[in-house]
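Data first, discussion second: the structure below is written as structure tokens.
Just so it is clear, none of the values below were taken in a lab; they were calculated from the coordinates. These figures come from a predicted structure and were not determined experimentally. For neighbour counting, all protein chains shown are included, and Cβ atoms are generated from backbone atoms with ideal geometry for every residue, glycine included.
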Amino acid sequence: MEQSSILSVLNKKHIADEFSDHQESLHYAINHFDSLGYKVGKGRRNMVKHIRVKDLDLNVKSFKTPNPVNRLAYRFFRKSKARRSYEYARRLLDQGILTPTPVACFEQFSRLAFGRSFYISVHIKEDLTFRTLIEDPQYPEREEIIRQFTRFTHEMHEKGILFLDHSPGNTLIKKSKEGTYRFYLVDLNRMRHNQKLSFKSRMKNFARLTATDDIIAIMSREYASLTGHEFNTVYACMVKYTRANHERRLRQKRLNRQLGRYKP
């Protein structure tokens, strides 16, 4: 698709009121997505780029065109990933949970199918992600950050929010001037709200974060103190679901190798 024609097929858009005066810049970012900015992350399925346009510092996420079944589903039955990302971000902020400020989403609809889509948010330069704490056991204030992250997760649970992609790279962490840490959720299109979360659901929500035992122990101790559960109960349950997730991922990698689909 030629750069100049990208916007012409995106026939539905939602722009936050506070960015309504920046439509020209937003259109420029979308129309020149392939040539502007630089790529953020690996972008195997979807691509995120950090793009500056005039006085806007943006992250623009281009979602892969869905398979034929989902092209029909997103056209008639379900909201697209871009639309969900935009709406969930606004909803999180309304509930006091941080996420990069949502700017807009753009979608392509034809009479019978759904096509390309984009989600735009304000760029945040993080100090670290949760993955940093896994890879660097000597990271300054590591244990305190893990404890604060656990309190952040507990706050989401108490507000009935289940973030299904609660994984090492999907929370941006910034240190505030007061010495505390702020946590910003990203990759928002898989999320549930207004849930009455059981203990089992809460523990499963930690399963994708890490298989590192010392981190699990810190999170378990903090979560136990917040809920009144025994540490051993929380720890055993968190380990159980973390190991099950880890083993499932290993099985999937082995299957992908056998099918020639493995990418390191």
Of 196/253; 175/204; 79/196, which sit over 30 Å apart, Cα to Cα? 196/253
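May I ask you to derive the relative contact order of the range 124-216, considering only C-alpha pairs under 8 Å and at least 6 residues apart, and to give it as an integer percent?
Once divided by the residue count of the range 124-216, the mean separation gives 34 percent.
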Ordering 150-157, 20-27 by per-residue average of other C-beta atoms within 10 angstrom, highest first, gives 150-157, 20-27
Can you pull the percent of Cα pairs in the range 128-258 with separation above 18 Å? 55 percent
The range 17-58 versus the range 176-194: alpha-carbon centroid distance in Å: 21 Å
With the cut-off at 24 Å, tell me which of the pairs 61/177; 49/125; 42/125; 12/61; 39/81 have Cα atoms farther apart than that. 61/177
Per-residue ³J(HN,Hα) for the range 18-33, Karplus 6.51 cos²θ - 1.76 cosθ + 1.60, θ = phi - 60°, Hz, x for Gly and Pro: 5, 10, 5, 7, 10, 4, 4, 5, 5, 4, 5, 4, 5, 5, 10, 3
From the Cα centre of the range 207-264 to that of the range 136-167, the distance in Å is 14 Å
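Distances over 22 Å make up what percent of all Cα-Cα pairs in the chain?
Taking all Cα-Cα pairs of the chain, the fraction more than 22 Å apart is 61 percent.
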Could you work out the pair-distance distribution P(r) of the range 43-120 from its alpha-carbon pairs, with 5 angstrom bin width and percents rounded to whole numbers? 3, 15, 22, 22, 18, 12, 6, 1
What are the ³J(HN,Hα) values, in whole Hz, obtained from phi via the Karplus relation 6.51 cos²θ - 1.76 cosθ + 1.60 with θ = phi - 60°, for each residue of the range 59-75 in sequence order, with x given for Gly and Pro? 10, 10, 9, 9, 8, 4, 4, x, 5, x, 5, 6, 4, 6, 4, 6, 6
Determine the calculated [θ] at 222 nm for the chain from helices alone, applying -39500 (n - 2.57) to every DSSP H run no shorter than 4 residues and normalising by the residue count; nearest 500 deg cm²/dmol. -12500 deg cm²/dmol
Here the relative contact order (percent) of the chain, from C-alpha pairs under 8 Å and at least 6 apart, is 15 percent
